[in-house]
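Rule-based calculations on the coordinates, nothing more; no lab input. Computed from a prediction, not measured in an experiment: that's the story for all the values here. Cβ atoms come from the backbone with ideal geometry, glycine included; neighbour counts cover every protein chain shown.
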Protein chains: 2
Amino acid sequence: MSSAKQKGEKTMRFLHTADWHIGKTLNDFSLLEDQQAAFTQIERIAQQAQVDAIVVAGDLYDRSVPSEAAVTELNGMLRQLNLNDHFPVLAISGNHDSAVRLSTGTDWFARSSLYLNTTLAAAFTPVTIKDTQFFLLPFFGIQAVRNYFHDDHIKNVNDAMERIVAEMKKSFAAGKHQVLVAHFFAAGSQRTADSETLIEVGGLSAVSTAVLAPFDYVALGHLHNRKALNEERVKYSGSPLKFSVSEAHQEKGVWLVDTEPFAVQWVPLQPVHDITLLKGSFRELVTSAKDKPATDFYDIELTDRERIPDVLNKLRTVYPKIVSLHRTHQARQLALNRQKQRLAASPLDLLSDFYSQTTGSKLSSEQRRWAEEALIKTTKEEQ
Amino acid sequence: MSSAKQKGEKTMRFLHTADWHIGKTLNDFSLLEDQQAAFTQIERIAQQAQVDAIVVAGDLYDRSVPSEAAVTELNGMLRQLNLNDHFPVLAISGNHDSAVRLSTGTDWFARSSLYLNTTLAAAFTPVTIKDTQFFLLPFFGIQAVRNYFHDDHIKNVNDAMERIVAEMKKSFAAGKHQVLVAHFFAAGSQRTADSETLIEVGGLSAVSTAVLAPFDYVALGHLHNRKALNEERVKYSGSPLKFSVSEAHQEKGVWLVDTEPFAVQWVPLQPVHDITLLKGSFRELVTSAKDKPATDFYDIELTDRERIPDVLNKLRTVYPKIVSLHRTHQARQLALNRQKQRLAASPLDLLSDFYSQTTGSKLSSEQRRWAEEALIKTTKEEQ
């Protein structure tokens, strides 16, 4: 499928994006211009591909109480897509959004096919567009699911999703495709084509992709890396731009999804200001600055051993938007970095890290599989 | 005109309310239940009088960032009036609202005749319903008006309103009535029927009602007392409930306005929990408590001269919702009260107070008139 490819008469083609985080800042640098530029590209992709709907899978805002600038920005984007371009929009609240605040206007929005769902109760009534039923499931807490089903036996998010999916299935219409739009941490056990290693083993509060099998496609939000899952029909779109140094190497973009015949296509987005990791001595960094865009964001690793007075401000004269500066040779800094990495790691990574540090060798693929199974059991028994 | 009276075919009948302040608390007591009850009465009045529109003249919320409970409440009220009851609603942002936050959804709202204007620019395009053009002017800062007209000669809010009204007049349609919905401090120089004293002399940043003469009716919000003005066609509706002890003696309600022939009718609202001022000794107050609704709000003036240990908590056992407690015989308290009254007083009251304290006699009506003229001059010369 390409953007130019003719679409079938009956098939539904939609664009899948998520995690806009409007209002987010990167070390106090506003990203509104970057977010606006990404939005404009998304709009153009939708127009060129003649999509029948645009899916935004949660975290529209970065904060439950967004700034006035962020409110203006998101209001303008939704207005543009829905009222000006006449795209149906299918959106949900994410964990960063205040479901209540985001719900303002929803009853009016639906009259022009802007479906913004913020409540669990409304997730079970699908929105049907052409050949497809969309189930819009906002980010939820487990207690809300227990309350909804009057069932205290729901122990974790995986149990919760099993109940939710079973309930949704009651509304599945024969002859229609079913798409779930949701915002949570999902974990599969798929292998990549070229490797024996598992891509993802699931944190303690992950939804197993197996639960999501009844859907023709699951449009997820939450993780900012579209490669977080390697499933054919359960996908994260990732965020439309890099929101942290840890995302520096990720390609950002959107999915175009056709329902009949099923096809997905990745369309990358071009950042206005990239995030680049630089490593070198002060002298090298200053010298190479002329080849680097001054308006980009930089994460800098300084390799000098000696102390350079006021180094951050000196570097800022050539790299105005430094989002982090650290030193290769600084014991305390190194320790902090290691701790930071550990905090961001998954349970399996931690276990694997511990194993290699204590034994000097890596986990075998069989050992990794055992560890994974044990972790999944733990998840199932979690409160 | 009565609620039961038949309405003309062509005439517009609308309900005028303002200053809902959803989310406001009274000394940490939630007023949501009271606000909901007032709303239900307003809805019923609108239904019984078969109004063609409901005007809400600003301060829908109490704060620029309302609580989630307040958001739920206001969203529900607007949904009920507009989507369920199918009333056109004409509303503006007040000084307590964040114009930007309140603007969320407005472009969708207008499609079902919920006209919520939050920008100066949109105030010059009237909304026409039946025989009437409604100009929706949100609360504005003077600088915004200077910017809009590219005119730095606008010195005060009265100048600003002269320019705004002149601009609005360009859109007046022949054969239509014109109603202004606005949120500011207006001051007239009308006399009451039974007294020589002026009702209001105008603070330093008041709009003279003379500027508003081109309109058939001006539906104001800002002041919570509907008697703040005594004009036939320029009216504050006041707030739908008492929001402070200083409003304890005010009757709350809404105006019903007919355009052809012009008529206004005051319809009072019944509070669920009234605010009552009580004065007496501890013993008297405790004894009389059995005759007073325990769920009302009380402002208590204690006349005892001796110290009563833990008196507030003792009184709370019989009056659970005490919003203020003060003592007749407490020098410091008296001084504070006097200072408080002074802060709340108008310039003329202050002058009159000063005169009587220094000369021992009251201002004559002629002296008051001189003082008033001088104050109005000061207003006109104000930056």
Expected sort for B:His222, B:His326 with the fewest Cβ neighbours (10 Å cutoff) up front is B:His326, B:His222
The answer for the per residue Cα convex hull volume of the range B:275-329, in Å³, is 65
Taking the axis of the rotation relating chain A to chain B, the A residue whose Cβ comes closest, together with that distance in whole Å, is A:Gly105, 1
Inter-copy distances for A:His249, nm, shortest first, label points 7 Å along Cα→Cβ, are 7.7
Extension length gain for B:Trp266 and B:Gln330 (0.36 nm per residue less Cα distance), in nm, is 18.9 nm
Rh_Kirkwood(the range A:111-151) over Cα pairs, Å, one decimal, evaluates to 11.4
Amide H contacts under 5 Å for B:Leu26, restricted to residues at least 5 apart in sequence or on another chain and with H modeled in the peptide plane, are B:Leu31
Note: the range A:28-96, point scatterers on Cα, Debye, no solvent; log10 I/I(0) at q = 0.16, 0.19 Å⁻¹ equals -0.58, -0.81
Here the correct list, in nm and shortest first, of distances from B:Gly175 to the same site in the other copies, label points 7 Å along Cα→Cβ, is 5.3
Inter-copy distances for A:Thr276, label 7 Å out on the Cα-Cβ vector, sorted ascending, nm, one decimal, are 7.5
Restricted to pairs 8 or more residues apart or on different chains, the lysines in the range B:13-268 with C-alpha atoms under 12 Å apart form a number of pairs equal to 5
Dividing the surface of the Cα convex hull of the range B:202-336 by four yields a projected area in nm² of 10.8
Averaged over residues of B:93-102, the number of beta carbons from other chains lying within 10 Å of each residue's Cβ is 2
Residues meeting the amide H criterion for A:Leu269 (H placed from the backbone, H to H distance under 5 Å, 5 or more places apart or on another chain) are A:Lys252, A:Gly253, A:Val254
Dividing the surface of the Cα convex hull of the range A:13-268 by four yields a projected area in nm² of 13.8
Sorting B:Thr17, B:Ala110, B:Val65 by the position of each Cα along the dipole of the range B:10-148 (Lys, Arg +1; Asp, Glu -1; all at Cβ), the one nearest the positive end of that ordering is B:Ala110
